[in-house]
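Asker: Handing you a structure now.
Every number here is computed from the coordinates shown, using simple stated rules; none is lab data. This structure is a prediction, so every number in the text was calculated from the model and none was measured. In this analysis, Cβ positions are derived from the backbone assuming ideal geometry, glycine residues included, and neighbour counts consider all displayed protein chains.
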Amino acid sequence: MNMECFIYRSRKKNGAYLFLPEEDNFRALPDALLKTFGVPEYSFSFTLTPDKSLVMVDVKEVIAGIEQLGYFMQLTPLDQFRVGNVKIEDRNPMME
């Protein structure tokens, strides 16, 4: 399955990125996550394909996160921060 993906970086959290299926559509993001992430800054867009390789995460995880949640959040492997009462230690906290 191919999916157009729009990437936004966090101005507040270095190395944090949001992958969205629609440009500038932040409705699926929880308020607490947006508050911690800050105002998303558009970086670029590309087409996700199952055979594409990404540096920090498996493309299948990104596609699954977007299909299930409407977004995927990528963090650096060692990064941790809190969103409300949820401690984020993984690339996509809502996948658990």
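Asker: Can you give the Rg to Rh ratio for segment 1-62, taking only C-alpha atoms and Rh from Kirkwood?
Answerer: That ratio is 0.96, to two decimals.
Asker: Can you run phi through the Karplus equation (6.51, -1.76, 1.60; θ = phi - 60°) for segment 34-40 and list ³J(HN,Hα) in whole Hz, with x for Gly and Pro?
Answerer: Listing the rounded values in order: 4, 5, 6, 5, x, 5, x Hz.
Asker: Around K60, what is the net charge, scoring Lys/Arg as +1 and Asp/Glu as -1 over all other residues with Cβ under 12 Å from its Cβ?
Answerer: Once all neighbours under 12 Å are counted, the net charge is -3.
Asker: May I ask you to compute the full-extension gain from E61 to D24, defined as 0.36 nm times their residue separation minus their alpha-carbon distance, rounded to one decimal in nm?
Answerer: Additional length available on full extension: 11.2 nm.
Asker: Still on this model: If we count every other residue with Cβ under 12 angstrom of L48's Cβ, Lys/Arg +1 and Asp/Glu -1, where does the sum land?
Answerer: Net of charged neighbours comes to -3.
Asker: Still on this model: By per-residue mean of other Cβ atoms within 10 Å, what is the highest-first order of 22-32, 46-56, 1-11?
Answerer: 1-11, 22-32, 46-56
Asker: Related question: Could you calculate the contour length gain from K52 to N14, that is, 0.36 nm times the residue separation minus the distance between their Cα atoms, to one decimal place in nm?
Answerer: 11.3 nm
Asker: Around L20, what is the net charge, scoring Lys/Arg as +1 and Asp/Glu as -1 over all other residues with Cβ under 13 Å from its Cβ?
Answerer: Numbers: positive: R9, R27; negative: E4, E22, E23, D24, E41, E67.
Summing Lys/Arg as +1 and Asp/Glu as -1 gives -4.
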